[in-house]
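Read through the structure below, which is laid out as structure tokens, and then see the notes.
The values are calculated or read from the model by the stated rules, or taken from the named source; none is laboratory data. Just so you know, these numbers come straight off a predicted model, no measurement behind them. Here Cβ is always computed from backbone atoms with ideal geometry, including for glycine, and neighbour counts include all displayed protein chains.
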Amino acid sequence: MHAPHTERDVKEMLAVIGAPSLAALSAPPAGLEIKGDLHIAPALPESLAYAHLRDLAALDRTDHACFIGAGAYRHYQPPAVPYLATRSEFITAYTPYQAEASQGSLQAIFEWQTYICLLTGLDVSNASLYDGSTALVEGVIMASQATGRRKVAVSKGVHPGYRAVLRTYADGMAFDIDELPLSADAQPISPASRQMSAP
């Protein structure tokens, strides 16, 4: 039920806080108010405003080298990705880590796992409700339980924070982690090729 404040209620509240009016609550401090008209361009239709903003953005150079690294890099995102990600069946009112994870989250995970298996030919695929580091750990645990193996090969190209989380889990779960170095062209060097090149 909506019960708006009466004029008497408003006067009593203003008296308590010592404000002369509601307008005074949002008034700028003395000396900061704008005097006179603002010199701004006239309004434009949406399509022309968008074109103008695009032209302004083109003046900014965006071809600088990216040195952030550690998994943060420029990448191409097909326009279909944000379109599909915002479809109503994938939108949830719940945070996905709660027990009552919504159908939207479950549907998105099912679609992801299904298409990864179709693209790679794998029998199973992992998908996580959490961040990349714990998703990596979940994938390692799943692979270990499926194969019975306790040794894990991880490329040093994987985000160092992710590898740190994996090492923390490995300490408690008796995993042996073999971090594969990167070659000069940033490709992982497999254990087999390392053995062949060893003197």
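The set of residues from the range 158-194 being small (G, A, S), surrounded by 12 or more Cβ atoms within 10 Å (Cβ to Cβ) and at pLDDT below 85 comprises S190, S193. The residue that is surrounded by the most Cβ atoms within 10 Å (Cβ to Cβ), among those in the range 8-53 that are among the charged types (D, E, K, R) and either part of a loop (DSSP other than H, G, I, E, B) or at pLDDT below 90 (or both), is E33. Residues that are assigned to a loop (DSSP other than H, G, I, E, B) and hydroxyl-bearing (S, T, Y) were ranked within the range 112-160; the one that is farthest from A170 (Cα to Cα) is S125. No other residue among Y94, Y83 is at pLDDT 80 or above, within 38 Å of the chain's Cα centre (by Cα), assigned by TED's automatic domain parsing to the domain that holds W112 and hydroxyl-bearing (S, T, Y) apart from Y83. In the range 62-82, is there at least one residue being farther than 30 Å from K156 by Cα, among the acidic types (D, E) and without any contact (Cβ under 8 Å) to a residue 60 or more places away in the chain? Checked the range 62-82: no residue is farther than 30 Å from K156 by Cα, among the acidic types (D, E) and without any contact (Cβ under 8 Å) to a residue 60 or more places away in the chain.
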